[in-house]
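Enquirer: For reference, the structure I am asking about is given below.
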Amino acid sequence: MTKFIAFALGTVASIVVSASAVNAETFKIGLSNGWVGSEWRTQMIDEAKEAAAKWKDKGVDVEVSVQSANVDVPGQIAHIRNFIAEGVNAIIVNPNSPTAFDPIFAQAKEAGILVIATDAEVSSPDAVYVGIDQTAWGAAGAKWLAETLDGKGKVVAINGVAGHPANEMRVAGYKSVLKDFPDIQIVNEVNANWDQAQGQQAMQNILATYPDINGVVVQDGMAAGAWKSIMDAGKKDQIAATGEIRKDFIDLWIKDKLNSGATVNPPGVMASALNVAVLMLQGKELKEPAKAGQYGNALYLPIPFIDSKNVEKAAKQLEGKPGYYSYTSSLSISDAEALFK
């Protein structure tokens, strides 16, 4: 009799598990990363995977498929083709061009696939952008710098990859602010491709030519290198420069009392996009349609800012993390749900 009861209970449990499996939602999401060798991008992908795993607690199985290319638009278009062939439910792309993906995104839509861009906006009417406003990102750092310099001085800019949509929007952002400060002169602009070593060399070259500069607008990925050259030149107390959100830089910032401010582009943007994607795949509707941005298809996320007033708080979030780990934030599932009806 005991064996029979055990067998019966086991059978019931099996039926319950089977029914649960049948009723569970399952989504496959392709993640296209257009930049290889960036620790920020690696963290971005890892955070997106972690976000996908958290949906299990909601009874949703989210499988992710990841492909990466190195600043290569044709290679990234191939990602999208591969995802369409796989039959994914959604594609989240960190794009290397604002316009080149329009035809392939149209094909994805035709196949019934949701497309979300993150980190850099795209022109396609068949995609939604979920991420920060990169123009506002550039403007925030420039505003901090202009106010720190009391509206006057000589400034240089170290930009990222020329032509990349995020870089171009950031440049437009800082220029939109600095044009309102007639006593601030931009004496030089260079590109250092979001590479720390190139940022350091660019700053070294700039200081050799313009030893009397007062400020530097430099994007993340290069700021630590730029600051190293500033410090090596003994100009730490004469120059204000925008900074990084990586732990190693924030630790240096606190230790050496740098005059810096960092606009945060969190690696968690792709995790935020993934949570929004799952809710869209469930048929939920945004309270406010994604109509912001230059292409009218953006859902903008908040942009944190780190300065001397909160840098130690930022450092606490990074305790125990490796030096390359970036200060981050993202929409939790509940945060994302609050955006929907």
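The values are calculated or read from the model by the stated rules, or taken from the named source; none is laboratory data. All values reported here derive from a predicted model rather than from experimental measurement. FYI the Cβ positions are ideal-geometry reconstructions off the backbone, even for glycines, and counts take in every protein chain you see. Each accessible area value is taken on the protein alone, full model and side chains, heavy atoms only, with ligands, DNA and RNA left out. Shrake-Rupley method; radii C 1.70, N 1.55, O 1.52, S 1.80 Å.
Enquirer: Only one of 271, 262, 290, 240 is in contact with a Leu (Cβ under 8 Å, 6 or more places away or on another chain) and within 30 Å of residue 208 (Cα to Cα). Can you tell me which?
Expert: After ruling out the rest, the residue left standing is 240.
Enquirer: Further question: Is one or more of the residues making up the stretch 10-26 at pLDDT 90 or above and closer than 29 Å to residue 331 by Cβ?
Expert: The answer is yes; a qualifying residue exists.
Enquirer: So if I check each of 305, 249, which one is open to solvent by less than 60 Å² (accessible area, probe 1.4 Å), closer than 22 Å to residue 218 by Cβ and touching a residue at least 40 places away in the same chain (Cβ under 8 Å)?
Expert: The match here is 305.
Enquirer: May I pose another question? If I go through the stretch 143-185 residue by residue, how many of them are surrounded by fewer than 21 Cβ atoms within 10 Å (Cβ to Cβ), of a type outside the set (Ser, Thr, Tyr) and over 25 Å from the mean Cα position of the chain (by Cα)?
Expert: Going through the stretch 143-185 one residue at a time, the tally reaches 13.
Enquirer: How many of the residues in the stretch 226-238 are crowded, with 24+ Cβ neighbours inside 10 Å and in contact with a helix residue (DSSP H, G or I) (Cβ under 6 Å, 6 or more places away or on another chain)?
Expert: Within the stretch 226-238, residues that are crowded, with 24+ Cβ neighbours inside 10 Å and in contact with a helix residue (DSSP H, G or I) (Cβ under 6 Å, 6 or more places away or on another chain) number 1.
Enquirer: From 197, 202, 140, 192, which residue is open to solvent by 10 Å² or more (accessible area, probe 1.4 Å), of a type in the set (A, V, I, L, M, F, W, C) and free of Cβ contacts under 8 Å to residues at least 40 places away in the same chain?
Expert: Matching residue, one of 197, 202, 140, 192: 197.
Enquirer: Related question: If you go through the stretch 226-272, how many residues are assigned to a strand (DSSP E or B) and either within 30 Å of residue 54 (Cα to Cα) or not hydrophobic (A, V, I, L, M, F, W, C) (or both)?
Expert: Selection size over the stretch 226-272: 6.
Enquirer: Please find, within the stretch 94-115, the residue that is nearest to residue 279 (Cα to Cα) out of those that are in contact with a helix residue (DSSP H, G or I) (Cβ under 6 Å, 6 or more places away or on another chain) and among the β-branched types (Val, Ile, Thr).
Expert: 115
Enquirer: I'd like to check something: does the stretch 85-95 contain any residue that is open to solvent by 10 Å² or more (accessible area, probe 1.4 Å) and either of a type in the set (Val, Ile, Thr) or at pLDDT below 95 (or both)?
Expert: no
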